[in-house]
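Visitor: Here's a structure for you.
The values are calculated or read from the model by the stated rules, or taken from the named source; none is laboratory data. Owing to the predicted nature of the structure, the values given are computational and were not obtained by experimental measurement. Positions of Cβ are generated from backbone atoms using ideal geometry, with glycine treated the same way; all protein chains shown enter the neighbour counts.
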Amino acid sequence: MFYLVILLLIGGLVFGYVKHRENVPWARPVIMACTGAIIVACLGLGLFSGESADDVRQEITDREMVHVRVSAQKLASYLAEKSAGTRAVVIMPFQFVPQPDEQAALLDGLKRGFGDKIEIVATVNPVVPQDYLNANPGDAVAEDVPPISSWYNADYMDQLLDEQSGEGDLIVSLVGVPDDVAKMRFFQAAGHPALAVFDLQSNPAVQAAVESGAIVAAVRYKKNPQMSADMPPADLDAAFGMRHELITAK
């Protein structure tokens, strides 16, 4: 019973993170509520199973980080097959709150997928404007929360990518791309690096950019992700396919 409850709460937590990346105002309260409820459920499970709450929480964290790792590993494996010999710059996710486990899992997945075919020459931690953080507290009401597009837009992304000019032949953006991706100057520059992205908000513009070849590949959540209390299977494709899908040009 407790495992089922925890599984449902994890689903709510994943949903909350997806909506948080879309800057939906009620996403943060959902994340906080699910996190608190998971802790309570873990305590209950520990009482009935003999496991400590810390042990249960660690099991959940380990399982979720495997899903994070394989999402990056699958993308990296595809890129290694298509672009062997290139040098990659990795743009890490925005850190609205510190998430060291997620960052480590993402980098581990990329390194496993790249193997010895693609070298990571730089990792970049993009800056979230302080005025946005100040204006977006956890208890903010919907009308007070500025949209992330107020600063995360084509100009911001162009500047970020310009700063990496000449560093590598491939850029892997784990922050995705902004909603107005079609306005980015990056794609108009001759000889620009290839771009692969995490599109966890399922931006329709990303689908179009992949189909046109502007973006070489993208990872996004499936519409109906498979939630399970078990560890993901060892097979990369099977584990990846539980929650994610890879978008490439046909």
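Visitor: Can you find even one residue in the range 196-207 that is in a loop (DSSP other than H, G, I, E, B), out of contact with any Asp or Glu (no Cβ under 7 Å at 6 or more places or on another chain), of a type outside the set (S, T, N, Q) and surrounded by 16 or more Cβ atoms within 10 Å (Cβ to Cβ)? Give the steps one after another, and end with the answer.
Guide: From the range 196-207, those in a loop (DSSP other than H, G, I, E, B) are 199-203; that's our starting set.
This time we only want the ones that are out of contact with any Asp or Glu (no Cβ under 7 Å at 6 or more places or on another chain), so: 199-200, 202.
Those left that are additionally of a type outside the set (S, T, N, Q): 199-200.
Filter once more, keeping what is surrounded by 16 or more Cβ atoms within 10 Å (Cβ to Cβ): 199-200.
Within the range 196-207 (the criterion being in a loop (DSSP other than H, G, I, E, B), out of contact with any Asp or Glu (no Cβ under 7 Å at 6 or more places or on another chain), of a type outside the set (S, T, N, Q) and surrounded by 16 or more Cβ atoms within 10 Å (Cβ to Cβ)), the answer is yes, since at least one residue qualifies.
Visitor: So, in the range 219-250, of the ones that are assigned to a loop (DSSP other than H, G, I, E, B) and under 18 Å from the mean Cα position of the chain (by Cα), which residue ends up farthest from residue 205 (Cα to Cα)? It would help to see each step written out before you state the result.
Guide: If we filter the range 219-250 for residues that are assigned to a loop (DSSP other than H, G, I, E, B), which is where we start, we get 222-235, 249-250.
Then drop every residue that is not under 18 Å from the mean Cα position of the chain (by Cα), which leaves 222-227, 232.
Values: 222: 17, 223: 17, 224: 21, 225: 22, 226: 25, 227: 27, 232: 30 Å.
Applying the filter and picking the extreme gives 232.
Visitor: Now, a different point. Of all residues being among the polar types (S, T, N, Q) and more than 21 Å from residue 169 (Cβ to Cβ) in the range 179-202, which is modelled with the lowest pLDDT? Just the residue, please.
Guide: Let us first name the residues in the range 179-202 that are among the polar types (S, T, N, Q), namely 188, 201-202.
After this cut, where a residue has to be more than 21 Å from residue 169 (Cβ to Cβ) as well, the list is 201-202.
Numbers: 201: 76, 202: 79.
Only one residue fits best here, namely 201.
Visitor: Sticking with this structure for a sec: Of the residues that sit in the range 77-99 and are in a loop (DSSP other than H, G, I, E, B) and of a type in the set (A, V, I, L, M), which one is farthest from residue 246 (Cα to Cα)?
Guide: At the first step, the residues of the range 77-99 found to be in a loop (DSSP other than H, G, I, E, B) are 83-86, 92-99.
Now narrow it down to the ones that are of a type in the set (A, V, I, L, M): 84, 92, 97.
Numbers: 84: 18, 92: 19, 97: 27 Å.
Step by step, filter the range 77-99, then rank; the result is 97.
Visitor: Got a number for residues in the range 172-186 being surrounded by fewer than 18 Cβ atoms within 10 Å (Cβ to Cβ) and outside any loop (DSSP other than H, G, I, E, B)? Break it down stepwise before answering.
Guide: Step one: list which residues in the range 172-186 are surrounded by fewer than 18 Cβ atoms within 10 Å (Cβ to Cβ), which gives 180, 182-183, 185.
With outside any loop (DSSP other than H, G, I, E, B) added as a condition, the list becomes 182-183, 185.
Result for the range 172-186: 3.
Visitor: State whether the residues of the range 147-167 include one that is modelled with pLDDT under 90, crowded, with 19+ Cβ neighbours inside 10 Å and not in a strand (DSSP E or B).
Guide: Yes, some residue in the range 147-167 is modelled with pLDDT under 90, crowded, with 19+ Cβ neighbours inside 10 Å and not in a strand (DSSP E or B).
Visitor: Identify, by number, the condition in (1) part of a helix (DSSP H, G or I); (2) at pLDDT below 95; (3) over 16 Å from the mean Cα position of the chain (by Cα) that residue 138 doesn't meet.
Guide: (1)
Visitor: Note down all Cβ pairs under 6 Å where the first residue falls in the range 123-135 and is in contact (Cβ under 8 Å) with a residue 24 or more places away in the chain, the second is surrounded by 15 or more Cβ atoms within 10 Å (Cβ to Cβ) and in a helix (DSSP H, G or I), and they're at least six residues apart or on different chains.
Guide: Qualifying pairs under 6 Å: 126/160.
Visitor: Restricting the range 77-101 to residues that are of a type in the set (Gly, Ala, Ser) and surrounded by 13 or more Cβ atoms within 10 Å (Cβ to Cβ), which is modelled with the lowest pLDDT? Break it down stepwise before answering.
Guide: Taking the range 77-101 and keeping what is of a type in the set (Gly, Ala, Ser), we get 77, 80, 83-85, 88.
Then keep just the ones that are surrounded by 13 or more Cβ atoms within 10 Å (Cβ to Cβ); that gives 77, 80, 83, 88.
Working: 77: 97, 80: 97, 83: 91, 88: 96.
Taking the candidates together, the pick is 83.
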